[in-house]
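The values are calculated or read from the model by the stated rules, or taken from the named source; none is laboratory data. This structure is a prediction, so every number in the text was calculated from the model and none was measured. Cβ sites come from the backbone with ideal geometry, for glycine too, and all protein chains shown count toward neighbours.
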Amino acid sequence: MRDVYDAIIIGSGHNGLTLGAYLARCGLDVVVLERRHEEGGGLCTEELTQPGFLHNVHANYHTFVDLAPPQGDLDLAGHGLEYVRPEVQMASIFDDGTALTVHTDLDKTCASIARFSEQDAETFRRLYTEAHGYVNLLLGTLMYQPPMSMKELTRALSVFGVEERSEFLSVKLRRETIDTFLDQHFTHPKVKAHLAFHGAVCGYANDVPGLAMSFPLLVGKIDNWNLCVGGSHRLAHVLWRDLAQHGGVLISDAEVSRIAVEDGRAVGVVLADGTELTARRLVASTVDVEQTFRQLLPQEAVPAELATAVETDLLHQPWSLFSVHLAMSEPPRYEAASFDPDVDRAWVVNLGYASTEELDADWRTVRSGALPGTCRPNAAVNTLFDPTDAPEGHYTGLLRQVAPYALADGGPAAWDEMGHWYGRRCIEAWQRFAPNLGDGAILDWVPYTPADIPRKLRNMVQGDWMMGEVSLANMLDRRPLPGLAQYRTPVDGLYMAGSTQHPHGFITFAPAYNALQVIADDLGLEAWWRDV
Amino acid sequence: MPDIYSTEWYDAVREAINAGVGQLRSVPEGRFIVAVEVAGDGTSPYVDEDGERRFLMEIDDGICLWYRELDAGEDEHGHVEGRIDYRFRGPATVFDEIAAGLVDPVDVALRGTISVRGDMRLLLRNAEHVASLLEAYTNAVSTTWPLGRPPYAEPTESRQMAEGRQTAGEPEGAAARA
């Protein structure tokens with residue numbers, strides 16, 4: 001193994017691979033180090049149930065396709081990456097047998113909403129049209145740039161008079177919840193429930209103050225949910241391919257135990273097996289803040305104030321996800337199809353939330369460490385859109401339910417006892433809406449609990465799949481901590497480039513892309529990539 | 001009065017920009033490069049239907065030092081080193097109508113009709129200066145057009161959109177501007 005590189009990147013999730021690929025294309029000699037046996041981090045696709053059934057263990061929904069700059073810059077399609085954008089993107093199915101569907105065709109979405117409220121359908125059309133117009137501008141401003149402060153953003157909104165020109169953007173959104181936004185603009189509880197559900201699947205809880213600021217952006221890409229053909233891991237694979245084609249190296253089973261620091265500068269890493277690797281120009285960590293600053297760095301290299309902040313100020317999502325992965329012999333046939341046949345063609349399905357109040361109650365319950373009284377998971381059958389993920393004539397299924405990481409009664413370890421019990425409850429909830437999914441249709445299933453998340457992916461601390469709370473207090477130039485928000489660290493040559501950074505987790509590529517801008521500035525690299 | 005995109009017109013815009021700098025509370029420090037790409041759309045007579053006109057401008061401490069129209073196919077990096085800080089691109093008709101004061105430039109940026117690329121932090125942090133640039137482009141310089149209107153026979157889509165907003169229950173401020 002070579003032992004000297006220009007750039008050493010810790011972690012091969014999509015951010016680590018993306019940063020590595022860009023830097024390799026800049027001509028740097030790059031190595032990406034991965035603790036696990038394969039690259040990808042949250043982009044892992046495994047045969048969890050039976051052979052031939054490919055389950056996306058973590059990342060399933062890719063909503064930044066054709067929006068994230070790396071996809072074009074790194075020619076991911078040219079490397080074989082393929083997406084499917086289901087025509088019926090989402091559905092909410094309600095206990096009374098009615099349903100609402102979101103389509104790639106705006107007219108069809110509005111027609112579905114109009115069955116509940118014509119006024120809401122018209123409001124949605126205006127909101128979508130407005131938001132779709134500025135989605136690229138907002139992405140360029142809010143996501144694919146190192147973060148500004150909320151004060152700077154709101155001042156600019158004011159100077160440009162955006163509030164006067166927009167029906168939906170407003171400075172006051174920075175203090176409001178998504179619930180408030182929905183109450184101001186929409187009337188029907190089910191319409192509001194569906195839009196809030198959509199935000200929740202994106203990681204934005206509808207009762208958290210300040211998240212209304214992001215809501216128009218979420219709506220602007222509400223019809224851009226894409227499935228990675230062959231499984232989400234395929235994205236990791238093509239990123240690796242681009243890295244390798246430009247001379248970069250990926251080493252798996254290479255756990256970093258220490259970042260070497262000399263005279264206040266990161267100069268390399270030491271692997272768990274004692275191997276020492278030297279970094280001529282930079283080390284970038286895409287793992288969590290706790291590991292980076294409490295375990296990997298020598299403590300004398302971490303300023304006391306930062307060490308204290310890492311100890312006390314980091315904010316993690318106070319909710320996690322409980323998943324059930326299923327192997328099935330048939331897809332769900334929903335009773336609500338008699339109301340709206342398109343529900344059987346929908347990808348992401350909300351099973352039962354019919355009001356924002358129901359969602360709010362579950363957020364409160366989950367944050368207290370308890371399980372919601374009624375299971376209302378969301379369901380997805382990827383095989384409907386990518387038949388390659390299951391044996392012919394068979395289907396994979398995914399159920400996800402918001403849940404606490406640490407159960408009030410027993411902590412995270414209690415999940416080991418409860419996983420199968422709770423998985424069964426989630427399946428029963430699905431069967432209530434799709435009675436054909438009797439036990440004969442379900443060949444096998446496995447629970448994947450909040451406690452399993454950090455066991456597999458250590459950087460998702462406390463089952464925090466967004467790698468940091470999505471909230472006003474942990475947003476923009478305050479994420480993950482004010483002193484780390486611009487991707488630089490107090491240790492020269494050490495950068496943070498993972499989902500702990502602005503904007504957040506999800507397959508956005510943005511933390512790596514933004515860290516790249518900072519690294520390019522610091523190292524004087526020529527920026528060959530296209531402007532946002 | 002000059003034709004739009006003519007040397008005389010751009011000189012007048014530049015003078016208007018520079019005259020406005022003294023009125024600003026803050027101006028951006030340092031140098032940055034702005035690119036404007038005006039794409040032919042078959043309506044504007046100033047740009048070939050399938051062609052484009054590209055302009056570069058250097059701003060230094062808020063002052064427009066120079067502007068330049070590039071020849072077809074000319075590499076912009078023959079004139080500037082490093083990256084373009086902002087790049088505006090859109091249909092010629094929309095740029096024409098912005099210059100005529102018929103279409104609001106922030107509106108069309110919000111609609112995505114004109115794309116804005118580049119360092120958005122710089123753009124937002126210097127919002128006041130950018131607003132003054134837009135003001136100079138929009139209202140400061142007259143053209144040969146009669147009554148401030150481009151010489152098109154029919155209202156274009158962008159103008160129809162802008163005018164349509166006046167009857168769509170938009171806030172009064174927006175309607176007044178449109």
Residue ID - nearest to the chain's Cα centre (by Cα), chosen from residues in the stretch A:134-192 that are basic (Lys, Arg) and over 24 Å from A:Phe64 (Cα atoms):
A:Arg175
For the stretch A:140-150, state whether one or more residues are small (Gly, Ala, Ser) and in contact with a His (Cβ under 8 Å, 6 or more places away or on another chain).
no
Quick one: in the stretch A:104-132, which of the residues that are over 20 Å from A:Arg345 (Cα atoms) and of a type in the set (A, V, I, L, M) is nearest to the other protein chains (Cβ to nearest Cβ)?
A:Ala131
With respect to A:Glu176, determine if the residue is within 14 Å of another protein chain (Cβ to nearest Cβ) and closer than 29 Å to A:Ala99 by Cβ.
no
Residues of the stretch B:63-82 satisfying the condition of being exposed (fewer than 13 other Cβ atoms within 10 Å of the Cβ) and touching an Asp or Glu at 6+ places or on another chain (Cβ under 9 Å)
B:Leu65, B:Trp66, B:Ala72, B:Gly82
Quick check on this structure: which one of A:Ala379, A:Ala361 is within 18 Å of A:His194 (Cβ to Cβ), surrounded by fewer than 22 Cβ atoms within 10 Å (Cβ to Cβ), at pLDDT 95 or above and among the small types (Gly, Ala, Ser)?
A:Ala361
Enumeration of residues in the stretch A:374-385 that are touching a Ser or Thr at 6+ places or on another chain (Cβ under 7 Å) and farther than 16 Å from A:His325 by Cβ
none
Of the conditions (1) within 11 Å of another protein chain (Cβ to nearest Cβ); (2) touching a Gly at 6+ places or on another chain (Cβ under 8 Å); (3) in a loop (DSSP other than H, G, I, E, B), A:Ala205 fails just one. Which one is it?
(1)
Considering only helices (runs of 4 or more DSSP H) fully contained in the stretch A:116-179, which possess at least 1 residues that are in contact (Cβ under 8 Å) with a residue 12 or more places away in the chain?
A:118-138, A:150-159
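Residues are listed down the side, and each one gets a yes or a no for (1) in contact with a strand residue (DSSP E or B) (Cβ under 8 Å, 6 or more places away or on another chain); (2) free of Cβ contacts under 8 Å to residues at least 40 places away in the same chain:
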position	(1), (2)
A:Leu326	yes, no
A:Pro332	yes, no
A:Glu335	no, no
A:Pro341	no, yes
A:Asp344	no, yes
A:Trp347	yes, no
A:Ser355	no, no
A:Ala361	no, yes
Among the residues of the stretch B:16-36, write down those that are part of a helix (DSSP H, G or I) and at pLDDT 90 or above.
B:Asn18
Determine if the stretch A:468-475 includes at least one residue that is aliphatic (A, V, I, L, M), more than 19 Å from the chain's Cα centre (by Cα) and surrounded by fewer than 24 Cβ atoms within 10 Å (Cβ to Cβ).
no
Given the criteria among the acidic types (Asp, Glu), within 14 Å of chain B (Cβ to nearest Cβ) and on the phi < 0 side of the Ramachandran plot, does A:Glu262 qualify?
no
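Only residues that are within 12 Å of chain A (Cβ to nearest Cβ) and of a type in the set (A, V, I, L, M, F, W, C): list them for the stretch B:59-102, please.
B:Ile84, B:Phe88
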Are any of the residues in the stretch A:155-166 at positive phi and surrounded by 16 or more Cβ atoms within 10 Å (Cβ to Cβ)?
yes
What tally of residues in the stretch B:113-123 results from selecting those that are more than 22 Å from B:Ala140 (Cβ to Cβ) and assigned to a strand (DSSP E or B)?
3
Residue by residue through the stretch A:155-173, note down the ones that are polar (S, T, N, Q) and more than 10 Å from every other protein chain (Cβ to nearest Cβ).
A:Ser170
Of the residues in the stretch A:133-145, those that are at pLDDT 90 or above and more than 7 Å from every other protein chain (Cβ to nearest Cβ) number 2
Checked the stretch A:230-258 for anything buried (at least 21 other Cβ atoms within 10 Å of the Cβ) and assigned to a strand (DSSP E or B); matches are A:Leu250, A:Val256
For the stretch A:1-31, give me each residue that is touching a helix residue (DSSP H, G or I) at 6+ places or on another chain (Cβ under 6 Å) and part of a helix (DSSP H, G or I).
A:Asn15, A:Leu17, A:Thr18, A:Leu19, A:Gly20, A:Ala21, A:Tyr22, A:Ala24
Mind checking which residues of the stretch A:160-180 are of a type in the set (A, V, I, L, M, F, W, C) and over 16 Å from A:Tyr134 (Cβ atoms)?
A:Ile178
In the stretch A:32-64, residue farthest from A:Thr396 (Cα to Cα) [restricted to those that are of a type in the set (Val, Ile, Thr) and outside any loop (DSSP other than H, G, I, E, B)]:
A:Val32
